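See structure below.
The values are calculated or read from the model by the stated rules, or taken from the named source; none is laboratory data. Note that the structure is a prediction, hence the values are computed from the model and not measured. Glycine gets a Cβ as well: all are built from the backbone with ideal geometry, and neighbour counts include every protein chain shown. For accessibility, only protein heavy atoms count, side chains too; no ligands or nucleic acids. Shrake-Rupley method; radii C 1.70, N 1.55, O 1.52, S 1.80 Å.
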Amino acid sequence: MFEKRFRDRINLQQLEGLHRNPPVIEKREGRFVTIKGQKVLSFASNDYLGLGASHQLAAQVGKHFKAFGSSASSSRLVAGNYQTICRAEKTFADYFGYEDALFFSSGYQANLAILSTLFEKGDILIFDKHVHASCVKGITLSGAGLKGYRHNNLKHLEKRLEALNCKNRGVVTESLFSMDGDLLPIKPFGDLKKKHGFYGVVDEAHAFGVLGDKGRGIAKGVTDIALGTFGKALGLFGAFVLLPRGVKEYLMNFASPLIYTTSLPQAHALAAVAALELVEQADNARKIVKDVSESMGETLIREGFQVFGNAHIISVLMGDEKKAAQVSRDLLSLGILAFSARFPTVPLGKAILRLGMTALHREEDIKTFVNALKTVV
Ligand SMILES: Cc1ncc(COP(=O)(O)O)c(C=O)c1O
């Protein structure tokens, strides 16, 4: 019974060009990965500053695990509330300019926790229709009334704010969108917040480390809460939420996804601080990311591709799901890994190739990619 349903769904997924079958990565070295014995140039990672491939960070992580052991062995709420973690959270709050911070095991878990806990029945949540799946899951579980607004369309957001005049309103968005690659118009967003008043939650997962002064992101001062992950520019895994004082206590008391899970180990907290120090020193890497991103965008446009994105995430429109999947497979046969994002990650009929540009990329990689793309589309 269940087996038939599972099989039928997978078959349908294949027929519609939506099947997911990620390649097995045998090895990673900088911007290259090995797949089926072939060395492949990757544009599919979020390692924007190259820290995920850094031996220096790996050595620090190893040192901390050796000194502090491998596990917190308990939930934060039982015996996992280590001083090392509390201090590391304070370091993150200070660096990014917020009152407090709270670590989570992943960004997905963090969005689920904050959105499902801080909002509830009787509140209204207004959200950009392209926010990440973890935000969608979090707001759905909250019980709040939900209203989407058109992607990055702040006129539409204002209409929603005018129409939904409830006291407890939250707005959920990203600062750099994970698939579209475009930026939240931050100043108009801040103006709307001042004019209409709402509780702002901005997911800065793809911006922190890369955008803003020393990678501090773009939403400070215009949002109440910001989310960052360690798994992208910081080169680790896990996440941090930056929040006002008092909200941490609330989450510690009421956020089920935090209360009932094992805390990240102490060594991880120290590793996160080590990663943050590297982020602070990474001006040169941030300049490279900017340069290769601009160059990739300009080259693709010059070659006639329809391209979106204003920073280091570049999306190349493919449209049809089967075409996107085929182009990705063909690129792989030419030694290039590029992720084809398809429904439900992006809207139906709007499949893309999603490129993550990093400080590990070189100018010659752009030529390699664009020439390959031209031969396969
Ligand atoms: C915008 C956004 N938020 C949150 C997440 C989840 O972060 P993590 O990978 O740490 O679970 C992602 C990751 O894909 C993301 O793109």
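Numbers at a glance
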item: Potential lengthening between Glu3 and Glu303 on full extension [0.36 nm per residue; Cα-Cα distance subtracted]; result: 103.3 nm
item: Counted charge near Ala53, where neighbours are those whose Cβ lies closer than 10 Å (Asp, Glu -1; Lys, Arg +1); result: 0
item: Average silhouette area of the stretch 87-183, convex hull of alpha-carbon atoms, in square nanometres; result: 7.0 nm²
item: Estimated 222 nm signal from helices in the chain, with DSSP H stretches of n ≥ 4 weighted -39500 (n - 2.57), rounded to 500; result: -13000 deg cm²/dmol
item: The chain pair-distance distribution - Cα-Cα, 10 Å bins, rounded %; result: 5, 22, 31, 27, 14, 1
item: Where chymotrypsin sites (Phe, Trp or Tyr not before Pro) fall in DSSP loop in the stretch 188-291, at most 13 other Cβ within 10 Å; result: Tyr260
item: Per-pair calculated FRET efficiency, R0 = 35 Å: Ser71 and Asn284 via Cβ, rounded to 0.05; result: 0.45
item: Length released on extending from Gln14 to Gln38, taking residue separation times 0.36 nm less the Cα-Cα span; result: 6.1 nm
item: Where trypsin sites (Lys or Arg not before Pro) in DSSP loops with at most 16 other Cβ within 10 Å are excluded, longest remaining stretch of the chain; result: 246-361
item: For the stretch 203-303: rounded, prolate or oblate by the Cα gyration tensor [a/c cutoff 1.5]; result: prolate
item: Distant alpha-carbon pairs in the stretch 239-352 (separation over 18 angstrom), percent; result: 71 percent
item: Bins of 10 Å from zero: percent of alpha-carbon pairs in the stretch 274-333; result: 20, 35, 28, 17, 2
item: Carbon plus sulfur fraction of accessible area for the stretch 56-280, probe 1.4 Å, in percent; result: 54 percent
item: Gyration tensor (alpha-carbon) shape descriptor, the stretch 56-280, a/c threshold 1.5; result: prolate
item: Length-normalised contact order of the stretch 72-201 in % [C-alpha pairs under 8 Å, at least 6 apart]; result: 19 percent
item: Surface per residue (accessible, 1.4 Å probe) for the chain, Å²; result: 47 Å²
item: Proximal charge balance of Phe343 [Cβ under 14 Å; K/R count +1, D/E count -1]; result: +4
item: Label-point gap, in nm, between Asp94 and Thr368 - each point 7 angstrom along Cα→Cβ; result: 4.2 nm
item: Relative contact order, percent, the chain [alpha-carbon distance under 8 Å, six or more residues apart]; result: 23 percent
item: Charge sum, other residues only, whose C-beta stays under 12 Å from Arg160's C-beta, Lys/Arg counted +1 and Asp/Glu -1; result: +3
